[in-house]
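For reference, the structure is listed below as structure tokens.
The values are calculated or read from the model by the stated rules, or taken from the named source; none is laboratory data. Fair warning: this is a prediction, and the values are worked out from it, not measured in the lab. As a convention, Cβ positions derive from the backbone with ideal geometry for all residues, glycine included, and neighbour counts pool all protein chains shown.
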Amino acid sequence: MAILKILQYPDERLHTVAAPVAQVTDEIRLLVKDMADTMYAAPGIGLAATQVDVHKRVIVIDVSETHDQLLVLINPEIIASNGISDYEEGCLSVPGIYGKVQRAESVTVRAWNAEGESYVLDANGLLAVCIQHEMDHLAGKVFVEYWSQLKQSRMLAKLKKKQRSAIHV
Ligand code: QAP
Ligand code: CO
């Protein structure tokens, strides 16, 4: 079991665009396992490889209450989306900061699983929001970057204050 270090906003590396995975190798399977361990330990409901400074199109998600429904999305693509939702989101790279983002209410996504097999998933509610949030990470975008400049500068001040006080514990 390996817990990976999660990049903390505003780390510039969170703006890196991830590259497609050519083939699911042992290295990718180990990355998926370490990302799942890291997400469950946090605990969180979703983690993109970008957040652990690996710039490949790999996502792990588990929105179940029992934490036993791991979803692996390699090379995800949204092939359909419908409706509008504005869920309150959070992010392991922006701890303690929560806020709404407007996204599609439901999405159909095509991806590969950890065996490299292609599958199609229809998602709505929290799962649909989480897929869109994690796919944004792969494109180098963090949820707070949808907010107004004013809201972002207040959020940054709060984060800086938190990071300063964390040094003195
Ligand atoms: C993304 O986020 C997400 O601030 C996954 O102190 C979240 O797992 C998509 C977390 C909500 C849609 C809705 C955040 C843990 C976990 C924190 C997470 C914190 C500790 C966030
Ligand atoms: Co996030």
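Hey, any hits in the range 108-127 for a residue that's under 19 Å from Met35 (Cβ atoms), in a helix (DSSP H, G or I), acidic (Asp, Glu) and at pLDDT 95 or above? No, the conditions are met nowhere in the range 108-127. Could you check Ile59 against (1) within 14 Å of ligand 1 (Cβ to nearest atom); (2) closer than 20 Å to Ala36 by Cα; (3) of a type in the set (Val, Ile, Thr); (4) part of a loop (DSSP other than H, G, I, E, B) and say which number it fails? Tallying (1) within 14 Å of ligand 1 (Cβ to nearest atom); (2) closer than 20 Å to Ala36 by Cα; (3) of a type in the set (Val, Ile, Thr); (4) part of a loop (DSSP other than H, G, I, E, B), Ile59 fails exactly one: (4).
Scanning the range 82-104 for residues that are part of a loop (DSSP other than H, G, I, E, B), free of Cβ contacts under 8 Å to residues at least 60 places away in the same chain and over 20 Å from Val60 (Cα atoms) turns up Gly83, Ile84, Tyr98.
Of the residues examined, Arg103 is one that is among the basic types (Lys, Arg), more than 21 Å from Gln163 (Cα to Cα), surrounded by 14 or more Cβ atoms within 10 Å (Cβ to Cβ) and in contact with a helix residue (DSSP H, G or I) (Cβ under 7 Å, 6 or more places away or on another chain).
Here is the figure for the range 83-105: residues that are more than 10 Å from ligand 2 (Cβ to nearest atom) and of a type in the set (A, V, I, L, M) total 4. A count restricted to the range 110-122 and to residues that are surrounded by fewer than 22 Cβ atoms within 10 Å (Cβ to Cβ) and within 23 Å of Gln51 (Cα to Cα) stands at 6. Look at the range 26-54: where a residue is in contact (Cβ under 8 Å) with a residue 12 or more places away in the chain and a partner is of a type in the set (Lys, Arg) and surrounded by fewer than 22 Cβ atoms within 10 Å (Cβ to Cβ), sitting 6+ places away or on another chain with Cβ atoms under 7 Å, you get Ala49/Lys56; Val52/Lys5; Asp53/Arg13. The set of residues in the range 132-169 being of a type in the set (Lys, Arg) and assigned to a helix (DSSP H, G or I) consists of Lys151, Arg154, Lys158, Lys160, Lys161, Lys162, Arg164.
Here's the yes/no breakdown for (1) of a type in the set (D, E, K, R); (2) outside any helix (DSSP H, G or I); (3) within 16 Å of ligand 2 (Cβ to nearest atom); (4) touching a strand residue (DSSP E or B) at 6+ places or on another chain (Cβ under 9 Å):
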{"position": "Met1", "(1), (2), (3), (4)": "no, yes, no, no"}
{"position": "Leu14", "(1), (2), (3), (4)": "no, no, yes, no"}
{"position": "Glu27", "(1), (2), (3), (4)": "yes, no, no, no"}
{"position": "Met35", "(1), (2), (3), (4)": "no, no, yes, yes"}
{"position": "Val63", "(1), (2), (3), (4)": "no, yes, yes, yes"}
